[in-house]
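Inspection log for the structure reproduced underneath, given as structure tokens.
We did not get these values from a lab; they are worked out from the coordinates using the rules stated. Fair warning: this is a prediction, and the values are worked out from it, not measured in the lab. Quick reminder, even Gly has a Cβ in these numbers, built from the backbone with ideal geometry, and neighbours come from all protein chains shown.
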Amino acid sequence: MITLTVNGTRRSFDGDPTMPLLWYLRDELALTGTKYGCGIAQCGACTVHVAGRPARACQLKMETLQGAVVTTIEGLHPTGQHPLQEAWREIDVPQCGFCQPGQIMQAAGLLKNKPKPTDQDIDTAMNGHICRCGTYPRIRAAIKAAAEKQS
Amino acid sequence: MSALFGKHGKHGKHGKHGKHERHESRLPWVSSNTTPESDELVDSGRRSALKILGLGGLVLAVGPGGVRRLDAAALTAADPWNPHVYVKIADDGIVTILCHRSEMGQGIRTTMPMIIADEMEADWSNCRVEQADGEEKYGSQNTDGSTSIRAFLPQYREAGATVRALMEDAAAKEWGVAATEVKAEQHEVVHTATGRRKSFGSLVASARTMAMPARERLRIKSPAERRWQGKAMRSIDLVPVTTGKAVYGADVILPGMKVAMVVRPPVWGSKVVSVDDSAALKVPGVEKVVRIPESPIPGAFLPLGGVAVVAKNTWAAIRGREALKVTWDAGPHATYESKAYKAELEASVAKPGAPGYRTGDVAAALASGARTVKASYYMPHLSHAQMEPVAAIANVSNGKVEAWAPTQSPFDARNTLAQYLKVEPANVTVHVTLLGGAFGRKSKPDFVCEAAFLSREVGAPVRVQWTREDDVRNSYYHSVAAHRLEASLDASGKVTGWLHRSAYPTISSVFAPNLPGPTPDELINGASDVPWDIPNMSVEVCPAVAHVRIGWFRSVNAIHHGFAIGSFVDELAQAAGKDSAEFLLQLIGRDRVVDQSKNGMVEPPKDYYGAAWTDYPLDTVRAKNVVRTVMEKSGWGTKLPRGRGRGIAVHRSFLSYVAMVVEVEVLPDGTVLVPKATVAVDAGFVANPDRAKSQMEGALIMAMSNTLHSEISFAQGRVVQSNYRDYQVARMRAAPRTVDVHILQNEGMPGGIGEPGVPPACGAIANAIFAATGVRVRELPVGRQLAGWSTRATEDGSS
Ligand code: FES
Ligand code: FES
């Protein structure tokens, strides 16, 4: 039995211990904001926070998450008004939107460590995320706008 | 035949409903407020619309030739009227607009209702959007070809204007004044003289019974009266998208739903020889292994077939499929090798092809030019690699099929499902979710058929989930293409002859077996309709047989046309010793407006991107304007250090003119960054400029992938690549800091927006690389070709 906390709620899991967190969130908890894009840590669509830091949910087996504290896009902010979420809307970043929960979770981790990220910081932090629609310039702008607003 | 290898009988381990029913079902955009209206009274299109919109209020159907109130819109064989759009005003005034096009990032769920609401004088905060199901009565809903606005703008406007007039009439009647004395204003009608007001909601009851405003009386807003059209409107789905609540294909959850993964043919047309499912069935959670018959190739939209593992959750399905042992026969295309095929295509374009465009005497021109230039270009297969791998949910029971899918074409999905499962289309419902990117992949409903087939086999709702590996290896691919261009220049550097031959397996090859190659009419996708002023031209297609499923990919053949033509024009400018941009302007030449179907086109198709040729003549002033705009805004002509360079290209496709100046920085290791790009687009009237800008940004970045990174290749008939690790796409680090998009807004007939940005970007990037490094890339992707460029001798003699 694995127990963990997801978006503030205690959960227990007694299924296949090798199941990646991604499928646990999506199939067992119906938290479908965390997306599947590649399954091999190449795209970032599945990014959540574990212990407050961005992590690829497709790479984390449930058996390694005993006692873990997990936050998904649904739990990033109680009313969906994290400064990044607001900046994303302000700049109308998404096209199809599919990659954006992962992008936002990664960016939230970045801003926590670097409240004033440079272009280079953003490139480094976000390069693991694919947006096939090509919203990179707007993502960069939105991260900067959120950082600006936060300070 | 559908051999079953399952161990649990017809309904799987847990019977018809599995024990994992912990979630509420999540059905996007299907209102619980379904209508009991009797079936005899309504045709299926209306029934479906009413189901989603709910009863009551005022419902208007919008179709070719006008707007009707739903009570009068019953369809008969004698009056086969196809409404495309439904608009409802509820008694509380809430406006609901049924969107008949699929949302895949282009913003149609915002732009389409915004146009209607603007013309209606609705208050945007009182407007809602619901997604329409796949319905015959909507006509083609295929969201492709950059069509939505250019095909429907007049209807959307008329719809809004009709509602506005109807509301005004109703208020005038209630007040007993002339209709000319009242005016709709933001969800109210105002009596101008007295300032009295009535809300739209309060007028619904009267509007339900009064005569519809005559078409001649309708007044489409003048540009000055428009509130949002041509200005700005934020996307409507931003809150769900940024909070993880938006529902894409794989996010639909039904009670008792199973998850399936399918092993598909590794080679196009190969067939299962044997299946050993003993290990797969031992994986906890795996319930059944089901054979899906291979569809005969080419197969159109039908599923490839193979062997499915049906499990209680996704992870069990993944593990079960890993444990499944399937052997395949070699298949008819096992000899497909990309290297050899490239040589075949090059040999094909070395010989004369079938002309799609011909003027003057190109052979004579080439023979007598002061100078001739020849070049060959190659572009490999591409895969859409949209971020959401395809997935679909289906529930088949009692002969009825219900499916949820991220489909660009719910209507095709519905018909293909009916054909595949041998049921009447009337018994098939297709609900459209949001699409996590599509780019043409999701026009093909093969994956929806898989879900429905499996649901029928296991007697439970099934989600078919494709992995990224499935997506890379079993997709419909963009055509691989070879081009050969030759041109003659006179002593002054003016182009006198132009010979362009291309060879690529055609998309038609998925619909008809054994096609020898593309047909000349395919050249109108940006090759035979180039805006050049050259007296002697021949544009030809050459044979190329398909060995894999070929499918539409954003911009279609214009991708390789744009790359080859854009690059070649730049090569000609170098040969003529002229500035590339000035050379482009000279090549476009005299101001003129030409119906291209009457000007050298050999047997032109009846329509041009689905529109009348006469509505979209080539206008060289527009072509030159976009070029001049990017020249002026990009700092064209100013000096850049070695390793940095600008490239320019202009291309017309999907009825729009786009020019780009792309600036690249090439690092010593050959990595290409794109710090800046300047784009100008003339697409006639652009309804939602910010979404048009975002499409141009996205097109440029997709062109970076196409040009710099992406390649699908085949060895022994199998796709070599597997995931984003080896099928690479553009990422943040290389992406532009600035994309400066200029929309040359005008009141002209709208052109496409989603696709026409890609083709010029491919050429402009290649030209910028040449400007930066002196290396001319003629074979894509650039990949590692530029490694160590700074120490190499270059074609332009610099070093
Ligand atoms: S799905 Fe986890 S990184 Fe792509
Ligand atoms: S917005 Fe579509 S993949 Fe990023």
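Brief remarks on what is shown
- Altogether, the Stokes-Einstein calculation at 4 °C and 1.567 mPa s, with the Kirkwood radius of the stretch B:466-610 over Cα pairs as Rh, returns a diffusion coefficient of 77 µm²/s.
- Low-density loop positions, trypsin sites (Lys or Arg not before Pro), the stretch B:473-559 - DSSP coil, at most 10 other Cβ in 10 Å: none
- Between residue B:131 and B:99, the built amide H atoms are under 5 Å apart, and every one of these is 5 or more places off in sequence or on another chain.
- DSSP-assigned coil residues among GluC sites (Glu not before Pro) in the stretch B:171-252, each with at most 14 further Cβ atoms within 10 Å: none
- Using the Cα coordinates of the protein assembly as shown, the gyration tensor eigenvalues translate into equivalent-ellipsoid semi-axes of 42, 37, 29 Å, sorted from longest to shortest.
- Shielding by other protein chains, B:227-237, mean Cβ within 10 Å: 1
- Cβ-based exposure ranking for B:247, B:650, in which fewest neighbours within 10 Å come first: B:247, B:650
- Once backbone amide H atoms are built at 1.01 Å from N, residue B:742 has B:679, B:680, B:681 as its partners under 5 Å, excluding neighbours fewer than 5 places away on the same chain.
- When A:38, A:96, B:762 are arranged by Cβ crowding within 10 Å, least crowded first, meaning fewest neighbours, the order is A:38, A:96, B:762.
- Separation between Cα centres of the stretch A:12-80 and the stretch B:326-376, rounded to whole Å: 49 Å
- Trypsin sites (Lys or Arg not before Pro) restricted to DSSP loop in the stretch B:711-748 with at most 16 other C-beta within 10 Å: B:725, B:737
- Cα centroid separation, the stretch B:740-768 to the stretch B:419-448 (Å): 30 Å
- Per-q log10 I(q)/I(0), the stretch B:164-230, q = 0.12, 0.22, 0.26 Å⁻¹ (Debye; single scatterer per alpha-carbon; no solvent): -0.30, -0.95, -1.20
- Cross-link pairs exceeding 29 Å between alpha carbons, from the set B:494/B:633; B:342/B:624; B:88/B:173; B:271/B:312: B:342/B:624.
- Shape class for the stretch A:83-150, computed from the alpha carbon gyration tensor (a ≥ b ≥ c): oblate, with a/c not under 1.5 and a/b at or below b/c.
- Taking Cβ atoms as reference points and 9 Å as the exclusive limit, the residues near residue B:117 contribute a net charge of -3, counting Lys and Arg as +1 and Asp and Glu as -1.
- Reducing the stretch B:634-662 and the stretch B:706-727 to their Cα centroids gives an inter-centroid distance of 28 Å.
- P(r) tail, chain B: Cα-Cα pairs separated by more than 36 Å, 49% of all pairs.
- Among B:483, B:709, sorting on how many other beta-carbon atoms sit within 10 Å of each Cβ, with the fewest leading, yields B:709, B:483.
- Ranking B:689, B:727, B:415 by how far each Cα lies toward the positive end of the dipole of the protein assembly as shown (charges on Cβ) leaves B:727 at the top.
- Extent along principal axes [Cα atoms of the stretch A:2-76; Å; largest to smallest]: 28, 26, 21
- Whole-number percent relative contact order across chain B, with pairs defined as alpha carbons under 8 Å at least 6 apart: 13 percent
- Couplings 3J(HN,Hα) for the stretch B:482-492, derived from phi with the Karplus relation 6.51 cos²θ - 1.76 cosθ + 1.60 (θ = phi - 60°), are 10, 10, 10, 10, 9, 9, 10, 10, 8, 4, 8 Hz, where x marks Gly and Pro.
- Dividing the summed helix terms, -39500 (n - 2.57) for each DSSP H run of n ≥ 4, by the number of residues in chain B produces a 222 nm estimate of -8000 deg cm²/dmol to the nearest 500.
- Normalised by the number of residues in the stretch B:503-602, the mean separation of alpha-carbon contacts (under 8 Å, six or more apart) gives a relative contact order of 32 percent.
- Taking Cα centre as origin and charging only the Cβ of basic (Lys, Arg, +1) and acidic (Asp, Glu, -1) residues, the dipole magnitude of the stretch A:83-150 rounds to 80 debye.
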